[in-house]
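A short write-up of the structure that comes next.
The values are calculated or read from the model by the stated rules, or taken from the named source; none is laboratory data. Nothing here was measured: the structure is a model prediction, and the numbers come from that model. Because the Cβ atoms are built from the backbone with ideal geometry, glycine has one as well, and the counts that use them run over all protein chains shown.
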Amino acid sequence: MNESIAYIGLDVHKDTIAVAVAYAGHEEPVYHGIIAHTDKGGEQAARAAKCQG
């Protein structure tokens with residue numbers, strides 16, 4: 001199993017969530033964009049972080 005450390009930043013608003021992820025060993029965080037503030041949006045954010053790590 002390959003493990004990575006990532007710090008996920010969420011800027012939460014009523015209708016949207018802005019997502020950024022800082023990966024260990026990288027200088028700059030990766031901005032993933034704005035998603036809808038719904039259950040499906042949360043799943044999208046988790047998937048994005050997992051794929052990049």
Quiz item: For the subset of the range 19-37 comprising residues that are outside any strand (DSSP E or B) and in contact with a strand residue (DSSP E or B) (Cβ under 6 Å, 6 or more places away or on another chain), which member is modelled with the highest pLDDT?
Solution: P29
Quiz prompt | Subset of the range 1-12 (residues that are touching a strand residue (DSSP E or B) at 6+ places or on another chain (Cβ under 9 Å), assigned to a loop (DSSP other than H, G, I, E, B) and either at pLDDT 90 or above or among the aliphatic types (A, V, I, L, M) (or both)) | solution = I5
